[in-house]
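What follows is a short report on a single structure.
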Amino acid sequence: MNCSQTCSSHCGGRNKTCHHLTGVCTSGCAIGFEGEKCESLCRKGTYGQNCTQNCNNHCGGPHEECHHISGECTSGCVVGYKGATCSSPVTRRMLDDVYKPFVLSVASMFTVVLLCVTAMGMFV
């Protein structure tokens, strides 16, 4: 044997060792990786050590995906949640702070249009 192959850089453990013939990681995989040789990222929707943790179901995007190591939501959060992992509910006050300026601007535009229509009606 000439040992021309190297262990995967994603093998776990302090020494990141693998079997000298098969290349199978002897101490499992580094966080965020899976497979015998730790060649794959965690499946979509999972993360962490041995890919056993599920992404928060409040992660946004079509697949509720998160980072394979940290679990941080990669597409933001669904409405009503905040934080890196979308685990913090947004309070009613926070929602009001976000939507209040929008509602006020729409109401102001509606008022201006209504005044213009009324004024035009008076001149016709």
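The values are calculated or read from the model by the stated rules, or taken from the named source; none is laboratory data. None of these values were measured; they are calculated from a predicted model. Positions of Cβ are generated from backbone atoms using ideal geometry, with glycine treated the same way; all protein chains shown enter the neighbour counts. When the accessible area is computed, the model is the full protein with side chains, heavy atoms only, and any ligands, DNA or RNA have been set aside. Shrake-Rupley method; radii C 1.70, N 1.55, O 1.52, S 1.80 Å.
Numbers below:
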| quantity | calculated |
| --- | --- |
| Considering residues of region 13-29 that are in a loop (DSSP other than H, G, I, E, B) and touching a strand residue (DSSP E or B) at 6+ places or on another chain (Cβ under 7 Å) only, the residue nearest to Q53 (Cα to Cα) | S27 |
| Filter result for the condition that a residue is modelled with pLDDT of 90 or more and either open to solvent by 50 Å² or more (accessible area, probe 1.4 Å) or out of contact with any strand residue (DSSP E or B) (no Cβ under 6 Å at 6 or more places or on another chain) (or both), over V106, V78 | V78 |
| Tally, over region 1-47, of residues that are at pLDDT below 90 and open to solvent by less than 40 Å² (accessible area, probe 1.4 Å) | 0 |
| Residues within region 48-75 that are assigned to a strand (DSSP E or B) and open to solvent by 40 Å² or more (accessible area, probe 1.4 Å), tallied | 2 |
| Pairs, first free of Cβ contacts under 8 Å to residues at least 12 places away in the same chain in region 22-43, second among the charged types (D, E, K, R), C-beta under 6 Å, six or more apart | S40/E34 |
